[in-house]
Amino acid sequence: MKKLLFPLIIIVIFANLSCSVFQTISNIGRLKFKLGNINNFTLIGISVTNKSKLSDFHAVDLLKLSSSFARGILPISFTLNVEAVNPNDGKGGYPNTNATLKSFAWRLLIDNKETIAGNISNPVTVPGTGQAAIIPLQINLDLLSFFKDKGYESLINIALNLGGYGGSASKLSLYAKPVISTVLGDLSYPEEIKIVNLEFTKE
């Protein structure tokens, strides 16, 4: 009987560890993401927050914009807030579990055009409360570098649609590959997920 005891203990420990691993992976897979609002949008350093059309710019700003376009540069800068929800709040049979995003490699599409890529500089904790945590991504790019086929007014409208009055992230798509820090080590999503502003990514 004693000879069987040690193997049985090993089997029980292995089974418990297997369940723990499976549960951890399942919990991580339940994280959801969505594009939130856009803050601090500037076009060649000019705020577009309260503007909805080209005529809303002052004459001096219009001169700066046209001069910049003529030089072949039209830089924009803004903060894109990604909302992350961790539904592991202790309800529905899932334990209350915080999730720490160690890495969040992303690439940004504007009007289905791929632009820049990046990653978070510091880990972000998504608490198991069911409430959204914000992952702020600082975006800096030159519109003319990626939309050389578009004219002056079209480029201004892209900026206004994103960061102007009533602007939104509806013309943006973000592809990301989260890496979650766990007691079992770092676990990476098997492939990129697509994040848009309409709804949270599915479980």
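Taking the conditions exactly as written (surrounded by 13 or more Cβ atoms within 10 Å (Cβ to Cβ), assigned to a helix (DSSP H, G or I), among the aromatic types (Phe, Trp, Tyr) and modelled with pLDDT of 95 or more), does Phe69 satisfy them or not?
It is true that Phe69 is surrounded by 13 or more Cβ atoms within 10 Å (Cβ to Cβ), assigned to a helix (DSSP H, G or I), among the aromatic types (Phe, Trp, Tyr) and modelled with pLDDT of 95 or more.
Which pairs do you get when a residue that is at pLDDT 75 or above, found in segment 84-102, comes within reach of a residue that is assigned to a loop (DSSP other than H, G, I, E, B) and of a type in the set (D, E, K, R), reach meaning Cβ atoms under 7 angstrom, with the pair 6+ apart or on two chains?
Pro87/Arg30
Is it the case that Gly36 is at pLDDT 90 or above, over 24 Å from Lys150 (Cβ atoms), under 17 Å from the mean Cα position of the chain (by Cα) and not hydrophobic (A, V, I, L, M, F, W, C)?
Yes, satisfied.
If I ask for residues that are of a type in the set (S, T, N, Q) and touching a strand residue (DSSP E or B) at 6+ places or on another chain (Cβ under 9 Å), which ones from segment 150-193 would you list?
Ser168, Ser170, Ser173, Ser181, Thr182, Ser188
The values are calculated or read from the model by the stated rules, or taken from the named source; none is laboratory data. What you see is a predicted model; the values in this text were computed from it and never measured. Methodologically, a virtual Cβ is constructed for each residue, glycine included, from the backbone with ideal geometry; neighbour enumeration extends over all protein chains shown.
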